[in-house]
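Student: Shown below is the structure under consideration.
The values are calculated or read from the model by the stated rules, or taken from the named source; none is laboratory data. It should be emphasised that the depicted structure is a prediction, and the values quoted were computed from it without experimental measurement. Don't worry about glycine lacking a Cβ; one is built from the backbone with ideal geometry, like all the others, and counts go over all protein chains shown. Quick note on the areas: whole protein, heavy atoms, side chains included, nothing else; ligands and nucleic acids left out. Shrake-Rupley method; radii C 1.70, N 1.55, O 1.52, S 1.80 Å.
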Amino acid sequence: GMDHKRYRPWFYVLAETDKTSLSKVTTTESAARIQTADDKNVFRIPRSREVGQSWFSSVISTLYASIWAFFVTARLQPNLVLANGPGTCLPICVAAFALRVLGLGDARIVFCESFCRVKSLSLTGKLLYPIADRFIVHWPELTEKYRRAEYIGVLC
């Protein structure tokens, strides 16, 4: 894992409807012997897309989540955005990239593709592939198809 003493403070951005990640954050923070996750380092934003949501309404909810993400990212001014998976990470990464392009931030974006993506990228991966500074995959086959992808071993 990452050295919590070297890389800090850590901030976590979770979807409002996410019921499981906060307990994982608390466990991670406790294992690293640092302050337990609380309102100071956990931020909630609207979820970009719920499972089964229509594509049309997903565009609207993603734009809404992106507005929240922009303000959260501008406030935190992160040096690094470490993202994995779907939904919530897309607006945060796009906001960090937009702030960098506008000269209002300097966050580097590292995206870790889902472990279950063996032959192709997820939709989130496809959207973030062009803007991520590092794009990590769990399967070496993906580096043949996506030249910028990096396989550094299984990260579980």
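Student: Determine the order of 18, 133 by accessible area, beginning with the largest, at a probe radius of 1.4 Å.
Tutor: 133, 18
Student: Once the piece of chain linking residue 143 and residue 7 is laid out straight, how much longer is it, given 0.36 nm per residue of separation minus the C-alpha distance between them?
Tutor: Taking 0.36 nm per residue and subtracting the Cα distance, the gain is 46.2 nm.
Student: Based on the Cβ-Cβ distance of residue 63 and residue 115, what FRET efficiency does E = 1/(1 + (r/R0)^6) give at R0 = 35 Å, to the nearest 0.05?
Tutor: Calculated transfer efficiency: 0.75.
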